[in-house]
Amino acid sequence: MNKNSILKLLSLLLALCTVVSMTVTLASCKRDGPSNDTTVDGSGTEPADTEDEGVWEYVRDPSLPDFATMVTLNTSDINSDFDKTGRGLVTVEQYIDGDTVHFWNNSRTEIIKVRFLAIDTPESTGKVEPWGKPASRFTKSKLHSAAEIVLESNEEGEVTMDSTGDRYLAWVWYRPKDGNVWRNLNIEILADGLAMGKSSSSTRYGTVALNALTSARSEKLNLYSGKKDPLFYYGSAVELSIKSLVLNKSAYNATKVRFEGVVTKESGGGIYVQSFDEDTQQYYGVYVYGGYASLAPKFLVPGYKLLLTGTADDNESFGFQVSGLSFSLIDPTDDDTKILEKDVKVAPVVISADELNNNETLENVLVRLENITVTSIYTTQSTTASDGAMTLTCRSADGKTVTVRTVKLTNEDGSDVTEDYFRGKTINCNGIVTFYNGNPQLKLFTLSDCEIISQ
Amino acid sequence: MKKFIALMLLVFICLSGFLTACGDKEPTDSNNQGSKTSHSVPEGDVTVTFYHTMGKNLRDVLVKYIEKFNKIYPNITIDEQSIGGYDDVRDQVITELQAGKQPAIAYCYPDHVATYLRSKKVVDLNEYINDENVGLTEAQIADFIAGYYAEGKQFGDETKMYTLPFSKSTEVMYYNKTFFDANGLKVPDHWFSTGASDDTSMEYVIKKIKEIEPTSIPLGYDSEANWFITMTEQLKTPYTQAVDNVADRFLFNNEQNMDFCNKFRSWCLNGLMTTQAIYGGYTSGLFTNTSTNDSGIVIHSYISIGSSAGATYQCPAKLDNGSYPFEVGIATIPQADASNKKVISQGPSICMLKQKDSKVNDAAWIFIKFLLTSPEFQAEFSMTSGYVPVLRSAYELDAYKDFFAGANNYKDGIAALSAKICMEQESAYFTSPAFVGSSDARDEVGKLLVSYISAAENATEAELKQLFTDAYNRCITLNQ
């Protein structure tokens, strides 16, 4: 170790010993935030928040070092677009979780999906892990209270994507409304014990990031406290029916639940499951996310009757769903997914246009609309998998308007189905009742689920 | 910055060793008296800390087996902690070694252990493996897949065993079977063409794919470092060696290695291949892509070489209409020499770090033994993670046989198919020597391959050679 290195090391240790006062108070951030706050996206409204269950209060000990200000933002060129220059002002477009947020770039021409560098917060969407919700709230509260936000790449002037190729990797800086000092949120999250490291030491602020993480561990903060996350449900699974679950979404939000149901459709890495309620003589359905578990495809098969245990979660990214399933082929536990029966036939429930439009309890249920005539068609054009999907506006025999949304459909020969196939036709259609922007629609998954009854 | 951190962490370790030598003595290590000394199951309450990188799904499996363990050993508490990625585990362990607060068990890669060894706090597992009370039986040792088990002895002294394999993976070649079948293409089994009609060479196949679909990038290779290192193994060209003299450790700067880089460079310049760094994400994204670009074109690869543990990511999602965009085939990666087949061995091992109270080490061993000799744990961990078991007996379990029986070319069977391919190439596994600086070599050859194959078309031979020299020099600088 040479003299310079020793001096650097001593400087660092001295910096660590410098006590910087800081107080962060967080409870349920939506409720605590001033109601007339103007958000950094300038809209005066914040993206919808469904995370208002439970209370987590965290006050950082002011005697602890303020790692978030031990690094400095170069503000000379922040009036540019991050996606072009590697540094730039942004505004929040959508909060996802503790380490992922979508922003508008400075010129508001692109949405920048950002995965925070150097940190890995527990999951709070898709599947929920202990300390995932507090981390998510922390990130949201800091950015919500910011006067300005800047993204910065790890390498000067060079943006990089995460391994999915879909999200930018970035340092997220914010300037609080009541301060002039730019704070590094990634490091702050590490320092407050709300994330694990993610190759932290190999980053441009590696030394401080590693020290922040080490401090959080030694101070036993949050994730490292050895205590339970107050926002996580640790109890046994609540055994219930799908009906009870979906009619009491807020009551079961963030709760481990267990229920039986028959898989009707696969979609988006998950399944639609439904069960029949004798009292109301009606089916109730729910969407269950299977994730990338390698055993999931063996269990989540249409026609299977399953006993499912997972966490009910209502979040702004995915809506209400059940996730966090587990699977085992060896000595399964009570919580592992179980196949109760195979090849169960579920006939779609024939409903009227009125029922589709007015009975919200049919959400996620397999239904059939008969004798509807296509009056107009919109085809999605995008660079995503939804390219070629269609929205069919239809009129029922009794003159009511209903919406049918298709996935990208293909003919038996593999060719794409176009608008001509449906234009002006009267059809019968099987599909799942879903909601888009609050409006009900029947989602059509295959061409074989649609029968043309008159040209 | 990275260099400084690495230096600082090493200084911590050296300082720690120095303090130990100066009087902050470790407790007398009664274990270190030969291979047959007696350890025992500790009495009284003991807590064993275990650092790993598992996410929720795998942690659920781990916790399930900890509960089983605690039914036998209720006095041993396993404090399992997910630290982040492998590098984060390494950094945390190094930091804690300095403070004498290191975990008893840690997930590790060989490079990490080579660094930890400087602290003299890595337990030689032979002390336990050969112990007459709590050691492994010959049958238990024989149950480990030999190549994986041998990795624990790769630290310069074969009498020492510093790691045991936890779960393993390798690289396999995924290909778009639908496209291959439709176009009469053969699956490549070697890299370079021996003639114009050598239709099982990668070189031939990717050129053919480009002819069929000019907008495609036929081949994606995820890990540049793996590619470079694997080529040196397949071609038997120098890469690294574990010797004392720093200047002699890094051998990759040579003409033979430039030769294969030149071939891959020509592929890259002709749009025949890409890598993770060049593409900007896992190349499975390119392989499974169904989205159009701004010009309305769907750009695909048709071959993707990546981790066997990532098989489910190489399989396109089922379409909402219930069909798959294409069928995925899996094969072993191409070879340079059929008589010297080599594929890289990856995946975590575990090491044990000395504790102030030797009772904790004894308890840690009891847990390691429980976990790593359990075919049920190995099988379940494998089926959940995509990694393959390190025990032969795991493959004999009915549940694992059923899993294998479900192998197919689609999402619900691709992980099993990948595991099968891994088993088939068991005899070809290799690992590189681990020493302080071996991770720098790995990093540098990965970056070198990227810069070499993507250098400007008019780059001179001297400029390209300089890339090799620069990479070598960085390795030397980082380790002096």
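The values are calculated or read from the model by the stated rules, or taken from the named source; none is laboratory data. Computed from a predicted model, the values in this text were never measured in an experiment. Counting neighbours? That spans all protein chains shown, and the Cβs are built from the backbone with ideal geometry, glycine included. Ligands, DNA and RNA are stripped out before the accessible areas are found, and what is left, the full protein with its side chains, is counted by its heavy atoms. Shrake-Rupley method; radii C 1.70, N 1.55, O 1.52, S 1.80 Å.
For chain B, compute the orientation-averaged projected area of the C-alpha convex hull (one quarter of its surface), in nm². Can you show the working numbers first?
On the way: hull surface 99.0 nm².
Directional mean of the projected Cα hull area for chain B stands at 24.7 nm².
Keeping every protein chain present and rolling a 1.4 Å probe, give me the accessible area per residue for segment A:238-341 in Å². Write down the numbers at each step before the final one.
Working: 3830 Å² over 104 residues.
Per residue, segment A:238-341 has 37 Å² of solvent-accessible surface.
Label positions at B:Asn75 and A:Glu316, each projected 7 Å from the Cα along the C-beta direction, are separated by 5.4 nm. The angle between the Cα long axis of helix B:461-479 and the longest principal axis of the Cα atoms of chain B comes to about 10 degrees, rounded to the nearest 10. By DSSP, the beta bridges lying fully in chain B are antiparallel in about 55 percent of cases. Roughly how many whole Å is it from the C-alpha centroid of segment B:114-160 to that of segment A:105-161? Spelled out, the Cα-based centre of one part sits 43 Å from the other.
When only C-alpha pairs under 8 Å and at least 6 residues apart count, what is the relative contact order of segment A:230-371, in percent? Could you put the intermediate results ahead of the total?
Numbers: 300 pairs, mean separation 33.2, N = 142.
Here the relative contact order equals 23 percent.
Taking the protein heavy atoms of the protein assembly as shown in the context of the full set of protein chains, the accessible area attributed to carbon and sulfur is 48 percent at 1.4 Å. Compute the acute angle (0 to 90°) between the alpha-carbon long axis of helix B:255-269 and the principal axis of greatest extent of the alpha-carbon atoms of chain B; round to the nearest 10°. Approximately 50 degrees, to the nearest ten. Taking label points 7 Å from Cα along the Cα-to-Cβ direction, A:Asp354 and A:Thr410 give a separation of 4.1 nm.
Please work out the FRET efficiency for the pair B:Asn408 and B:Arg118, using the Cβ-Cβ distance as r and a Förster radius of 45 Å; give the result to the nearest 0.05. Please report the intermediate quantities before stating the final value.
Values: r = 48 Å, r/R0 = 1.06.
The pair B:Asn408/B:Arg118 has a calculated efficiency of 0.40.
Placing one equal scatterer on every Cα of segment A:138-184 and applying the Debye formula, the log10 ratio I(q)/I(0) at q = 0.17, 0.18, 0.19, 0.25 Å⁻¹ is -0.56, -0.61, -0.66, -0.88. Among beta bridges from DSSP that stay inside the protein assembly as shown, the antiparallel ones total about 75%.
Could you tell me which of rounded, prolate or oblate describes segment B:121-237, using a ≥ b ≥ c as the square roots of the eigenvalues of the alpha-carbon gyration tensor, with rounded for a/c under 1.5 and, failing that, prolate when a/b is larger than b/c and oblate otherwise? Don't skip to the end; give the middle numbers.
Values: a/c = 3.53, a/b = 2.87, b/c = 1.23.
Verdict is prolate for segment B:121-237.
Which of the three applies to segment A:381-442, rounded, prolate or oblate, going by the alpha-carbon gyration tensor with a ≥ b ≥ c and a/c under 1.5 meaning rounded? Oblate shape, in that a/c is at least 1.5 and b/c is the bigger or equal ratio. Overall shape of segment A:238-341 was characterised from the C-alpha gyration tensor. The equivalent ellipsoid obtained from it has semi-axes of 20, 16, 13 Å, in decreasing order. Inter-label distance, B:Ile299 to B:Gln241: 4.3 nm, where each label sits 7 Å from its Cα along the C-beta direction.
Residues of segment B:370-391 buried by at least 20 Å² of accessible area upon assembly of all protein chains, compared with the chain on its own (1.4 Å probe): B:Glu380, B:Met383, B:Thr384.
Suppose R0 equals 35 Å; then what is the FRET efficiency for A:Asn79 and A:Ser218 from their Cβ-Cβ distance, rounded to the nearest 0.05? If you can, show how the numbers build up before the last one.
Numbers: r = 40 Å, r/R0 = 1.13.
Using R0 = 35 Å, I get an efficiency of 0.30.
What area, in nm² and to one decimal, does the C-alpha convex hull of segment A:165-239 cast on average over all directions?
Numbers: hull surface 33.7 nm².
If I average the Cα hull's projected area over directions, I get 8.4 nm².
Select from segment A:221-302 those GluC sites (Glu not before Pro) which occupy a DSSP coil region and have at most 12 other Cβ atoms within 10 Å, ordered by residue number. Sites meeting the loop and neighbour criteria: A:Glu278. Rg and Dmax of segment A:349-454, both derived from C-alpha coordinates alone, stand at 12.9, 38 Å. Rg and Dmax of segment B:196-284, both derived from C-alpha coordinates alone, stand at 15.5, 52 Å.
Residues of segment B:242-267 falling in the label zone of B:Ala455, defined by backbone nitrogen less than 17 Å from a point 7 Å along Cα to beta-carbon, are B:252-267. To the nearest ten degrees, helix A:132-144 and the longest principal axis of the Cα atoms of chain A are 70 degrees apart. Using the alpha carbons alone, the radius of gyration of chain A stands to its Kirkwood radius in an Rg to Rh ratio of 1.03. FRET efficiency for the pair A:Tyr436 and B:Ile212, taken as 1/(1 + (r/R0)^6) with r the Cβ-Cβ distance and R0 = 30 Å, rounds to 0.15.
Relative contact order for chain A: 9 percent, from Cα pairs under 8 Å spaced at least 6 residues apart, divided by residue count.
Looking at the protein assembly as shown, what % of the alpha carbon pairs are farther apart than 45 Å?
For the protein assembly as shown, the share of Cα pairs beyond 45 Å comes to 32 percent.
Give me the 1.4 Å probe accessible area per residue for segment A:115-156, excluding ligands and nucleic acids, in Å². Walk me through the intermediate numbers first.
Working: 830 Å² over 42 residues.
Result: 20 Å² per residue.
For a test of the definition: using alpha carbon positions, the gyration tensor, and the 1.5 limit on a/c, classify segment A:105-219 as rounded, prolate or oblate. Rounded, since a/c falls under 1.5.
Computed on protein heavy atoms with a 1.4 Å probe, what is the summed buried accessible area for the chain pair A and B, in Å² to the nearest 100? Let's see the in-between values first.
Numbers: alone 21510 and 20890 Å², together 38170 Å².
That pair of chains buries around 4200 Å² in total.
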